[in-house]
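Structure record follows, encoded as structure tokens.
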Amino acid sequence: MRSSRRCPPSASVPLAGALLLCALTASAQSVPQLPPISLPPVPSAPGMLFAPADVPALRARRSRAPYDAWYNAFRSFVDARLGRVSSALGDDALGRFAKAAAALHALGESPPSGPFASYRDAAAEAIIAMADRSPNLLPGTGTLVPQYDSSTLQCMAEAYDLLRGSGLPAATDRAVRARIATWASAVASDLPLSVNPSNIMAKAGAALVSTALALPGEAGAAGWLRTGLDYLDRVLADKLSPEGWWREGPHYANYTLNNLVSTAWHVRNRTGVDWFPTLRPLVRYALDATAPDGLLAPYEEGIAVSFPFHTLLAAYPGDPLQPEMAWAWSRSAGRLGSYLNQQQHDVTAFVFFDDGVAPQPPASDTAASFVAGDENLVVLRSGRDRDAIHASVLTAVDYSLLDVLPSRHNTRNPLDLVLYAGGHTLLPTASGGPQITRSANRSVYLSPASRQTILVN
């Protein structure tokens, strides 16, 4: 069992003027599990992202900030590529194009000019133009790359759901469903993917669940759903503590939610089952770990990112976390980083963001500590204003036996320190990642023997 806790204000003592130190205690709780779901009947209209009844309200958003920026971003992405929808565009771009073009069609839009009479036809053509995928039976033996292709598969599934009931010609409809089914079967049959619970397994599991909900009448849908749910449960059991601590660090919590937040919306909209209460501790954890600039400390890959609060806000109506999420999102300036991996999240944000929540900072006099097995994250801060002092300390046992990967991606962090003050991150962690150091001595700094080295600028 893993445990963690947030410390109440009474547990704090002065440190460096106003920093707060947390006294740690542990209390065993059960591992979070997602509520089970079943395949729904084959629907007759879109509904995973939005339904026809939602279209008038969504159309009204097109000219209103902040929605106009997201709308213009995904429409511009599509319109700039209407004349070159082919395999040469690349599968990742084709998947993103299909989702955005299908959303435009469902919103009642038409292309300005070009070879397609409708965004519907453009979206379908994009999916058909994508190459098939084959699973890996051993690492590198197939054509599937799960960390990228899972997000692309989810885009394809969302696109098909948005085209439901649009009058696609029967032959085109069959070709689109066949392409999506090939990808889903490859993900579900990939043996290396199925071995190790990881953020990649979570992305794949989320994509499989979304695909099963988008194509519930396909012969493989029940298997996709079963495998997807198994993947997600295994990852949550391995990575998520009852109070939200993500064992691979904030960066990978963000990376995992690339797909999982969208799938949680699909599940709620198509089945009525709510996964968001299970994810709520992760939201609480992210708020407790967020620095005064609204970003999560750059552990692991060294990339400071905003948690995807903008797609989570509307999932918790009336929850005290809502105004805190709005605060963190407004502070972050939307710096999503890895969250954008192979996805067209401008569409998701346009549909789900709630601009009616007034931002309110979390309690500034609360330190936080998270414990998961042998890993511990302590967050110390003087407040939540932009000039506050914020320190994050991550400790863990390093189990790595391999010292040949220069990124140190395989190593858990024995000691990582991030210090924020004066409106800037002054000390980044010495973990792996592209933004930590470009020194010729990088491998030395990031080796297990040097893990306590603090890198300045």
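Highest-first packing order for the peptide set 90-99, 178-187, 218-227 is 90-99, 178-187, 218-227, based on the mean count of other beta carbon atoms within 10 Å.
Length, then width, then depth: along the principal axes, the Cα atoms of segment 257-334 run 37, 27, 20 Å.
Among Asp387, Asp190, the order of accessible area from largest down is Asp387, Asp190, computed with a 1.4 Å probe on protein heavy atoms.
If R0 is 30 Å, the Cβ-Cβ spacing of Ala51 and Ala363 corresponds to a FRET efficiency of close to 0.20.
When you restrict to C-alpha pairs under 8 Å that are six or more residues apart and normalise by the size of segment 44-158, the relative contact order lands at 26 percent. Expressed as a whole percent, the accessible area of segment 187-235 that falls on carbon and sulfur atoms is 55 (1.4 Å probe).
As a length-normalised measure over Cα pairs under 8 Å and 6 or more apart, the relative contact order of segment 120-239 settles at 30 percent. Using the Cβ-Cβ distance between Val195 and Arg268 with R0 set to 41 Å, the FRET efficiency from 1/(1 + (r/R0)^6) comes to roughly 0.85.
The values are calculated or read from the model by the stated rules, or taken from the named source; none is laboratory data. In this text, all values refer to a predicted model and were calculated from it rather than measured experimentally. Counting neighbours? That spans all protein chains shown, and the Cβs are built from the backbone with ideal geometry, glycine included. Ligands, DNA and RNA are stripped out before the accessible areas are found, and what is left, the full protein with its side chains, is counted by its heavy atoms. Shrake-Rupley method; radii C 1.70, N 1.55, O 1.52, S 1.80 Å.
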